[in-house]
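Okay, structure first, notes after.
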Amino acid sequence: MELSKFSVGNEGREVFWNAENFEGLLFAFTAIAMAIFAYGIYKRWQMWTALGKPEVRNDQIKERIKLLLTNGLFQIKTFRDTYPGIMHALIFFGFIGLMFGAAFDATEFHVGEPYGFPFLIGKFYLIFSFLMEVFGLFVLAGVFIALYRRYITKPDRLGYKGEPDNTPDDAIVLLLLGGIIITGFVIEALRIHVTNPPWEVWSFAGYTLAKAFAGVDNDTARILHKVMWWTHTFIALGFIAYIPYSRLVHMITTPANHFMASLKPVGNIEPIRDFETAESFGAAQLEDFTWKQIFDSDACTRCGRCQDGCPAYLSGKALSPKKVVQDLKTYWLERAPLIVAAKKAAAKTGEGAVPEIPAPAKAMVGEVIDLHELWACTNCMYCMEHCSSSIEHVPKIVNMRQYKVLTKADFAPELQLTFRNMENNSNPWGVGSHLRADWAKDLGIKTMAEDPNVEYLFYVGCAGSLDDRGKKVSTAFAKILKTAGVSFGILGTEEGCCGDSAMRGGNEYLSQTMMQTNIEIMNGYGVKKIICTCPHGYNTLKKDYPHFGGNYEVYHHTEIIADLIAAGKITLKKAVDGLFTYHDSCFLGRYNNIYDQPRRILTSIPGMKMAEMDRNLDKSFCCGAGGARMWMEEHDGERINNMRTDQAIATNATTFAVACPFCLTMLTDGIKAREKEEKTISLDIAEVVWRAMDLEEEKPSADVCAPTQ
Ligand code: SF4
Ligand code: SF4
């Protein structure tokens with residue numbers, strides 16, 4: 001047969017199809033499947049909208065469409081983890097390709113061909129056939145990889161504490177997908193076997209499979225074709241009908257969740273505004289979350305990316321961010337239908353009737369979410385950064401903590417002491433606030449009270465003002481600023497705690513009190529620009545203070561030092577010894593995207609040799625001190641700071657450079673716990689820089705110099 005534009009086409013289809021009066025039946029089955037699908041979505045919609053406080057997530061449409069395209073269509077977040085990313089992409093893109101192909105084919109069959117406009121012909125048909133084979137093989141490969149991962153290699157992330165969390169639903173979905181593709185190829189192979197047009201070599205998978213039917217006579221092949229065609233149709237329609245009732249619902253909820261992702265600054269916790277009037281604070285019940293916080297859990301695919309880098313989970317604590325989301329989802333699936341039914345009953349009773357919502361069988365905080373889980377979170381943001389469905393775990397955890405702290409006053413004793421210290425002296429240690437500026441006594445630094453006409457306020461923070469190790473960092477940084485001729489001042493004894501630990505520890509009231517006090521003082525001096533050496537202060541001054549009228553340009557000291565080096569305002573001349581590694585602080589890296597400046601500073605020091613830890617940049621492992629964990633004991637599992645120290649030791653580095661006073665304390669403790677003090681030290685970048693500046697007159701104290709090699 002000669003290949004020409006019009007002879008090449010979906011040849012042979014009519015051999016099997018036109019002879020049959022199948023269309024009525026097909027439309028009937030399709031209508032049933034679509035009705036089951038629509039009913040499922042309707043029920044789900046009722047549940048999505050049944051409970052939760054209002055929240056706007058349909059503003060800034062352009063930004064949201066960008067997120068939908070980036071993460072929903074192009075799968076960028078999913079690709080961040082290569083192996084499962086490729087697995088998912090094979091299924092996702094293959095499936096989309098086949099959907100378009102099927103729609104195209106149906107259009108030609110029902111509209112194009114009958115009205116004399118066939119378009120699946122000629123070269124176009126050949127390319128179309130080829131692409132459909134590729135897409136089909138993509139899906140099949142993805143399904144096999146998924147089966148292999150879930151049932152053979154069983155990575156821990158697809159379970160909890162070594163136990164796989166497979167459900168029958170997982171297997172059904174994969175079998176449906178695989179079934180659609182395999183039956184599709186068999187139908188094609190049988191058609192090619194009977195019609196045998198030479199161009200079908202372009203349908204290479206079906207063409208190859210057709211050889212398997214070499215001994216089958218045409219009549220048998222036709223019967224087989226009919227059976228397989230209906231099997232294929234039933235599996236495909238079953239797949240559609242199953243979507244709202246299974247994990248497949250994520251085909252709808254996950255893209256929707258990307259579209260509705262938070263556009264607020266990373267780590268944003270909405271402030272409580274109704275302290276005067278509310279009777280309960282934080283989230284005690286599902287109803288205390290916003291509808292979006294509840295919807296989140298229905299977008300979870302149980303991929304386990306969040307769990308894979310969660311320091312609490314990896315150190316053996318009860319907390320797994322995936323488990324939190326899944327437990328909340330199970331709870332929602334139990335509660336939401338009851339609430340929907342109660343609302344319907346009330347609506348029937350008459351206008352204004354109050355729904356009689358049955359009391360929950362389990363308390364959300366304490367039973368659904370265990371308190372050990374709740375308090376183990378370091379707010380490190382790994383889960384949110386890497387969640388392929390844009391789920392927001394951290395605000396939910398903080399909201400539940402707020403309930404325990406503000407409504408129930410029931411939380412860890414060590415945190416009670418910390419909060420009391422903050423209340424009395426505006427610092428977590430309870431050191432007299434009059435001692436806050438003692439570190440600066442002999443450095444000739446002016447306070448804002450002495451001279452408010454400076455360019456920058458150096459907000460020193462509690463650790464930088466009162467912790468012995470932190471004071472050395474403040475000293476080194478202040479000397480760098482003075483050497484570079486930067487105009488700056490400090491608040492001295494007027495400075496108070498930034499409020500980060502109180503806020504993330506659930507004590508929003510205390511946090512707001514301290515923030516507002518600081519804002520009043522800073523605004524009183526007309527402060528415009530602030531530098532912090534602590535990423536916690538930096539993050540909260542930059543993102544939370546604007547909620548209360550504190551609007552400043554906030555810089556981290558690594559940003560300032562990097563700029564001073566680039567501008568030639570400071571010169572690094574003394575070479576450093578040994579090998580360095582840099583630990584990315586969560587509140588600097590994942591929260592504020594500052595990865596580059598610390599590395600630029602270190603690599604501009606003469607003689608610098610650096611080794612990166614395996615878990616670095618946005619996959620950095622928390623030191624264990626965020627989310628108010630700095631002030632709490634670790635009762636279960638391995639200490640997180642020791643695990644991070646081990647990761648740093650594995651690089652053979654002798655200096656662990658940090659840019660956060662909490663990380664400095666945690667790694668210094670880790671070095672002691674691992675008995676590596678002889679060979680290893682942890683230093684803040686400011687200390688390393690000051691040493692490299694090698695100024696005759698002002699040397700840093702001996703114990704901030706690199707250790708003996
Ligand atoms: S913020 Fe960090 S510690 Fe908390 S759940 Fe997420 S990954 Fe785990
Ligand atoms: S919360 Fe996100 S990252 Fe974690 S399992 Fe669910 S979809 Fe995956």
Search result, residues across region 563-578 that are of a type in the set (D, E, K, R) and in a helix (DSSP H, G or I)
Asp563
What number of residues within region 635-653 satisfy the criterion of being modelled with pLDDT of 95 or more and either over 23 Å from the mean Cα position of the chain (by Cα) or among the charged types (D, E, K, R) (or both)?
13
Filter region 561-590 down to the residues that are in contact with a Pro (Cβ under 7 Å, 6 or more places away or on another chain) and closer than 25 Å to Met630 by Cα and list them by number.
Tyr582, Ser585, Phe587, Leu588
Does region 623-659 hold any residues that are surrounded by fewer than 18 Cβ atoms within 10 Å (Cβ to Cβ) and within 24 Å of Gln402 (Cβ to Cβ), and which are they?
Glu633, Glu634, His635, Asp636
Qualifying position, being crowded, with 21+ Cβ neighbours inside 10 Å and either more than 31 Å from the chain's Cα centre (by Cα) or more than 16 Å from ligand 2 (Cβ to nearest atom) (or both), among Thr418, Thr407
Thr418
Farther than 23 Å from Lys404 by Cβ and away from ligand 2 (no atom under 16 Å from the Cβ): does that describe Pro271?
no
Inspect region 259-269 for any residue being under 30 Å from Lys619 (Cα atoms), charged (D, E, K, R), away from ligand 1 (no atom under 15 Å from the Cβ) and touching a Ser or Thr at 6+ places or on another chain (Cβ under 8 Å) and give the result as yes or no.
no
Any idea how many residues of region 286-322 are of a type in the set (D, E, K, R) and near ligand 2 (Cβ under 9 Å from one of its atoms)?
5
Please determine whether any residue of region 391-401 is modelled with pLDDT of 95 or more, within 16 Å of ligand 1 (Cβ to nearest atom) and not in a helix (DSSP H, G or I).
yes
Of the residues in region 591-622, those that are open to solvent by less than 10 Å² (accessible area, probe 1.4 Å) and either within 16 Å of ligand 1 (Cβ to nearest atom) or in contact with a strand residue (DSSP E or B) (Cβ under 7 Å, 6 or more places away or on another chain) (or both) number 8
Hits in region 532-545 - residues which are surrounded by fewer than 24 Cβ atoms within 10 Å (Cβ to Cβ) and in contact (Cβ under 8 Å) with a residue 60 or more places away in the chain:
Lys542, Lys543, Asp544
Residue hits (region 95-146; assigned to a helix (DSSP H, G or I), open to solvent by 50 Å² or more (accessible area, probe 1.4 Å) and within 23 Å of Glu23 (Cβ to Cβ)) are Met99, Phe100, Ala102, Ala103, Phe104, Thr107, His110, Val111
Considering each residue of region 421-457, count those that are of a type in the set (Phe, Trp, Tyr) and either in contact with a Cys (Cβ under 8 Å, 6 or more places away or on another chain) or on the phi > 0 side of the Ramachandran plot (or both), and give that number.
1
Of the conditions (1) among the aliphatic types (A, V, I, L, M); (2) away from ligand 2 (no atom under 14 Å from the Cβ); (3) modelled with pLDDT of 95 or more, Ala278 satisfies every one except a single condition; which number is it?
(3)
When only residues in region 12-44 that are open to solvent by 60 Å² or more (accessible area, probe 1.4 Å) and modelled with pLDDT under 55 count, which is nearest to Phe128 (Cα to Cα)?
Glu14
Using beta carbons and a limit of 8 Å, which pairs, at least six apart or on different chains, have the first residue in region 156-185 and open to solvent by less than 50 Å² (accessible area, probe 1.4 Å) and the second one more than 16 Å from ligand 1 (Cβ to nearest atom) and assigned to a strand (DSSP E or B)?
Leu158/Pro164; Asp165/Gly159
Top-ranked residue in region 680-709 [being at pLDDT below 95 and outside any loop (DSSP other than H, G, I, E, B); ranked as least open to solvent (accessible area, probe 1.4 Å)]
Val704
Taking region 151-179, which residues are under 22 Å from the mean Cα position of the chain (by Cα) and in a helix (DSSP H, G or I)?
Asp156, Arg157, Leu158
Looking only at region 201-224, which residues are within 17 Å of Gly184 (Cβ to Cβ) and loosely packed, with under 14 Cβ neighbours inside 10 Å?
Ala212
Unique residue being surrounded by 22 or more Cβ atoms within 10 Å (Cβ to Cβ), in contact (Cβ under 8 Å) with a residue 60 or more places away in the chain and under 21 Å from Glu414 (Cα atoms) when the list is Gly461, Gly470, Gly499
Gly461
Checked pairs for region 587-615, first hydroxyl-bearing (Ser, Thr, Tyr), second open to solvent by 30 Å² or more (accessible area, probe 1.4 Å), C-beta under 6 Å and 6 or more apart or across chains, list as Tyr591/Val266; Tyr595/Leu617; Ser604/Ile565
Cys383 within 22 Å of the chain's Cα centre (by Cα), of a type outside the set (Val, Ile, Thr), over 16 Å from Ile269 (Cβ atoms) and surrounded by 22 or more Cβ atoms within 10 Å (Cβ to Cβ):
no
Residue identified as within 27 Å of Ala221 (Cβ to Cβ), small (Gly, Ala, Ser) and out of contact with any Phe, Trp or Tyr (no Cβ under 7 Å at 6 or more places or on another chain) among Gly179, Gly142:
Gly179
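The values are calculated or read from the model by the stated rules, or taken from the named source; none is laboratory data. All values derive from a computational prediction rather than experimental measurement. Cβ atoms come from the backbone with ideal geometry, glycine included; neighbour counts cover every protein chain shown. The protein model used for the area step is the full one, side chains on, heavy atoms only, and it has no ligands, DNA or RNA in it. Shrake-Rupley method; radii C 1.70, N 1.55, O 1.52, S 1.80 Å.
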